[in-house]
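To keep things clear, I will list the structure first and then write my remarks on it.
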Amino acid sequence: METKGSKAIIDRFRSITDNTHEYAKSLKAKGRLVAGYMCTHAPEEILYAAGIVPLRILSPHVSQATTRGYIHETYCSFSHDCAYQGLHHSYDYLDLIVTSSSCIHMGEAFNVWVRFAGFKEKSFLIPYPHIIHTKPASAFMTESFGQLKEFVEKLSQKAITNDDIEKAIKTYNHTRRLLKRLWAFLRHEKPPITGPEVAAVTLAAQVMDKEECNGMLEELITLLQTEPGEAPPGVRLMVSGGACDDLVVFDLMERLNYATNLIFIDSCTAARYFWFEVPEDMPNKLRALAEGYISKIPCPAKDNVPGTGEKKRFRFIQQFIEEFKPDGVVFLYQRFCSPQPMDIVALKPILDRLGIPYTELELDSTVPISQFTTQLEALVEIIEGVAA
Amino acid sequence: MSEYALLNEKVDLKNAKIIAAGIDSGAANSKVTILVDGQPYAFSQVKTRTPQESAFRAIDTVLTKTDLRLENIHSVVATGRGRAQIPFAHRTVSEIVCAASGAVHVWGPSVRTVLDAGGQSCRVIHCTEKGRATDFLWNDKCAAGIGRSLETFADLAKKDISEIGSMALEVRDFHKLGDFCAVYAQSEALDLLRSKVPLEDVAAGFHQAMARRISTLVARSGLKKDFVIIGGLSKNPAIVNWVESNLKVASLAPKTGWDPALTVALGAALFAHSHCRRQSPEG
């Protein structure tokens, strides 16, 4: 059955996330260069300024053993899955892969591509400071981004001008603002779009040409402004955690035995991807990018305010809680990820003080529907104070 | 005694106003508890094959001991892993809230932490004096410390699951085994057995390792007294002994005549009973 209105556009976004390779190959057919990136700390704007479409490498959610000879068994399944994509040659059409020195698990997945998947000459590891909230970090990152720019210029045989970068910054900032507007619908009591749909659109944005993405986002937002919300208000669930590109988990959160609304996702595959902006019209474009990426909500692997033990990300989480008013929080993280569960230890007392119940879901290649359903339904029962 | 049905003859069925049943469709066993006006009346436990088949067998097994038929039961609440697949259930509730409710009903309002050590998962639940769950922690993605790991060890030792716990408590000095992974722990156990280490010794090492894993989960969740252990593993004396010793806390003693593995089914029955009470005109 043909869908209409906002649903038709959402379906188009979802189709792109489900068929990333077809989408990317269609760009290649139009003569575009396509680069894969493995971490959201990579400044996509530099690639885009060179006319390259950055596309996030995502996992196939297929439990397999191939990568265990290449990456340690106790590295997360997301990194194993991404490494597998290289060994399986699923992304052979890419002209380049980049990542930043952030998560060590993803760093190993990147190494597998470089060493065993034929990407040695077309890969770039962006040096990132270990702690990004320090004074020297900006200069360090400016220099790193300069090295990336030189590498991309050589590869694309095109000089990247300041105007090119400024244009890319503005295009990307526009995407970020549009995504923020889309997520703002979830603050409504009866949003015209669901949390899982917003998650799907946000994931699609990470693999799309941003100009095309912006057009579709504008169209979607215009339609949503005129559409009434359908879903009945239920228990408001917020997700906080690490990379999760498996939309099945988010769908599950709204298919419980109780009425629930997924209203926010704090993860690098959702809000942390876009919840920042790069300063516009600064004379030094690379410096502007460095400042923008320093200002983003950091991955727990990079998040430490020196000398204080403070985590910058926690301030954002508290801000999201104030704005989106969740009734409960779901900590969602990849099994064997260390930084995320360590953050959870510190986040739990904050939620306890706010009186917000929570549960933890540990992700693997596949989603254990029955177990996750029980945990989520138990969380809802606790929120609702269900008692015999 | 893995499959059984029991009746509380003291309960008067003739003048019953509310007959409520809870069914706990667990990974290893399916359990039924029937309440008559809130009083525990009948119980059964059968091995789980499929949730639906085992639920019917569990309820049929218990009903044949009584004058009741399924249609005489006013409300059935299903819980446990297979709860969504029980066709005769009127409602479903998660095993987390049922465990809290059942444990407080059996052990009293002082209970604050419930360790539900089951066949395929291990959960720590905090609750109020009224049996309302306030938070919970689930075992992480590993079989170490759950019932299934003990079952496979029993298979390895060619012993019945009910024997290995007592056997493990017979020795004081034994080899320590790793607790990171159930498969690795079993592989270590197999090495020891091949090296002619006595079975009791290996069983003790294995139980202590699994108990360490469970204790870590309880400690992570934050132990609040009183503490009670329910689920199938609560009947394994070695696990209970080492969990208590690791946590430096005594759990509340088992109640005479009460099978702790039925506690979650009892919680479900309590939900069924209150649902009926709320529906009744006197409600």
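The values are calculated or read from the model by the stated rules, or taken from the named source; none is laboratory data. Bear in mind that the values here come from a model prediction, so they are computed numbers and not experimental data. Neighbour counts are summed over all protein chains in view; Cβ atoms, including those assigned to glycine, are modelled from backbone coordinates with ideal geometry.
Couple of notes before you dig in:
- Pick from the range B:170-203, criterion within 18 Å of B:Gly147 (Cβ to Cβ) and surrounded by 18 or more Cβ atoms within 10 Å (Cβ to Cβ), ranking: modelled with the highest pLDDT: B:Ala203
- Meets criteria (part of a helix (DSSP H, G or I) and either farther than 18 Å from B:Asp24 by Cβ or more than 9 Å from every other protein chain (Cβ to nearest Cβ) (or both)) for B:Ala143: no
- The helices (runs of 4 or more DSSP H) located wholly in the range A:179-288 that include 2 or more residues which are out of contact with any Pro (no Cβ under 7 Å at 6 or more places or on another chain) and under 30 Å from A:Ser144 (Cα atoms) occupy A:195-205, A:210-226, A:271-274.
- Residue ID - nearest to the chain's Cα centre (by Cα), chosen from residues in the range A:352-383 that are touching a residue at least 24 places away in the same chain (Cβ under 8 Å), more than 10 Å from every other protein chain (Cβ to nearest Cβ) and farther than 24 Å from A:Thr74 by Cα: A:Ile356
- Sole residue being buried (at least 16 other Cβ atoms within 10 Å of the Cβ) and at positive phi, chosen from B:Gly145, B:Gly165: B:Gly145
- Test: A:Ile131 is more than 30 Å from A:Thr366 (Cβ to Cβ), under 21 Å from the mean Cα position of the chain (by Cα), in contact (Cβ under 8 Å) with a residue 60 or more places away in the chain and surrounded by fewer than 16 Cβ atoms within 10 Å (Cβ to Cβ): yes
- On inspection, B:Ala154 fails the criterion of being modelled with pLDDT of 95 or more and not in a loop (DSSP other than H, G, I, E, B).
- Residue match in the range B:215-225 (condition: within 22 Å of B:Ser101 (Cα to Cα), of a type in the set (Gly, Ala, Ser), in a helix (DSSP H, G or I) and assigned by TED's automatic domain parsing to the domain that holds B:Lys158): yes
- Of the helices (runs of 4 or more DSSP H) lying entirely inside the range A:44-151, the ones with 3 or more residues being touching a Phe, Trp or Tyr at 6+ places or on another chain (Cβ under 7 Å) and farther than 23 Å from A:Pro339 by Cα are found at A:44-49, A:77-87.
- Some residue of the range B:266-283 being within 14 Å of the chain's Cα centre (by Cα), away from every other protein chain (no Cβ under 14 Å) and farther than 30 Å from A:Val345 by Cβ: no
- From A:Val386, A:Val380, residue being among the β-branched types (Val, Ile, Thr) and part of a loop (DSSP other than H, G, I, E, B): A:Val386
- For A:Ala204: the one exception among (1) modelled with pLDDT of 95 or more; (2) surrounded by fewer than 22 Cβ atoms within 10 Å (Cβ to Cβ): (2)
- Across the range B:29-83, the number of residues qualifying as among the hydroxyl-bearing types (Ser, Thr, Tyr) and touching a helix residue (DSSP H, G or I) at 6+ places or on another chain (Cβ under 6 Å) comes to 6.
- Comparison of B:Ala21, B:Ala103, B:Ala27, B:Ala117 shows that the only residue that is surrounded by fewer than 23 Cβ atoms within 10 Å (Cβ to Cβ) and in contact (Cβ under 8 Å) with a residue 40 or more places away in the chain is B:Ala27.
- Residue identified as closer than 18 Å to B:His273 by Cβ, more than 19 Å from the chain's Cα centre (by Cα) and either of a type in the set (Ser, Thr, Tyr) or within 14 Å of another protein chain (Cβ to nearest Cβ) (or both) among B:His74, B:His90, B:His105: B:His90
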